[in-house]
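Asks: Starting off with a structure, shown below.
The numbers here are math on the coordinates, done by the rules we state, and not lab data. Quick caveat: nothing in here was measured; it's all calculated off a predicted structure. With ideal geometry, Cβ positions are generated from the backbone for all residues, glycine too; neighbour counts draw on all protein chains shown.
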Amino acid sequence: MQYMLLIYFEEQDLAEGEREACYEESMRLIRELNSTGQFLAAAPLHPVSTATSVRVRDGKRLLTDGPFAETREQLGGYFLVEARHLDEALDIAGRIPGARFGTIEVRPVIGLAGMPGPSPATELAGARA
């Protein structure tokens, strides 16, 4: 089963050096998960100040700079993994560096029938990890 591991933390709490160290540690985890066939995708996100929220109301698209909701922690990145069960996904979530200073939300992914598989570019990117 696929699980989305959403990484939330307070962006301003990490100095640039700490952020880079987190990226390096995350890459080690990605390589390990890739070697066991559990890695599907992962990426850090640019700061929330670069976000644009889109809503459609009464057929009109409404744009707002920034995130959908004001919260103490912001979505900073994600891992998409393959795990046999929730406990295995929770174990992986606990190994994500952001778990030490933020929160990892673990959610099972609903597989919809007829959804296309990864594109060749996605598969190539995963092979490089």
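Asks: Could you compute how fast the range 35-113 diffuses translationally, taking Rh as the Kirkwood radius over C-alpha pairs and applying Stokes-Einstein at 20 °C with viscosity 1.002 mPa s? Give it in µm² per second.
Replies: Here the translational diffusion coefficient equals 142 µm²/s.
Asks: Could you give the length gained by full extension between residue 13 and residue 86, i.e. 0.36 nm per residue of separation minus their alpha carbon distance, to one decimal place? Numbers along the way, then the final one.
Replies: Values: separation 73, 0.36 × 73 = 26.28 nm, distance 2.94 nm.
Between residue 13 and residue 86, full extension yields an extra 23.3 nm.
Asks: Here's another thing I want to ask about it. In nm, give the distance between the simple-model label positions of residue 36 and residue 62, each being 7 Å from the Cα along the Cα-to-Cβ direction.
Replies: Inter-label distance under the simple model: 4.4 nm.
Asks: OK, next. Tell me which residues come under 5 Å, amide H to amide H, from residue 51 once H is placed; ignore anything under 5 positions away on its chain.
Replies: When sequence neighbours closer than 5 places are left aside, the close amide H contacts are 66.
Asks: Choose one answer from 116, 47, 97: the residue with the largest mean-square fluctuation in a GNM of the chain with alpha-carbon springs under 10 Å.
Replies: Largest GNM mean-square fluctuation: 116.
Asks: For the pair residue 27/residue 49, report the inter-label distance in nm, with labels modelled 7 Å from Cα in the Cβ direction.
Replies: 2.5
Asks: Something else: Counting other Cβ atoms within 10 Å of each Cβ, which GluC sites (Glu not before Pro) in the range 24-96 have at most 12 and sit in a DSSP loop? All intermediate terms of the calculation are to be shown ahead of the outcome.
Replies: Working: sites: 24, 25, 32, 70, 73, 82, 88; in loops: 70, 73.
Hits after loop and neighbour filter: 70.
Asks: I'd like the chymotrypsin sites (Phe, Trp or Tyr not before Pro) in the range 1-99 restricted to DSSP loop residues with at most 14 other Cβ atoms within 10 Å, sorted by number. Please report the intermediate quantities before stating the final value.
Replies: Working: sites: 3, 8, 9, 23, 39, 68, 78, 79; in loops: 68.
In loop regions of the range 1-99 (DSSP not H, G, I, E or B), the sparsely surrounded chymotrypsin sites (Phe, Trp or Tyr not before Pro) are 68.
Asks: With an 8 Å cut-off on Cα pairs and a minimum separation of 6 or more residues, tell me the relative contact order of the range 1-116 in percent.
Replies: Details: 168 pairs, mean separation 55.0, N = 116.
With pairs under 8 Å counted, the relative contact order is 47 percent.
Asks: The range 99-115 to the range 1-41: how many Å between their Cα centroids?
Replies: 14
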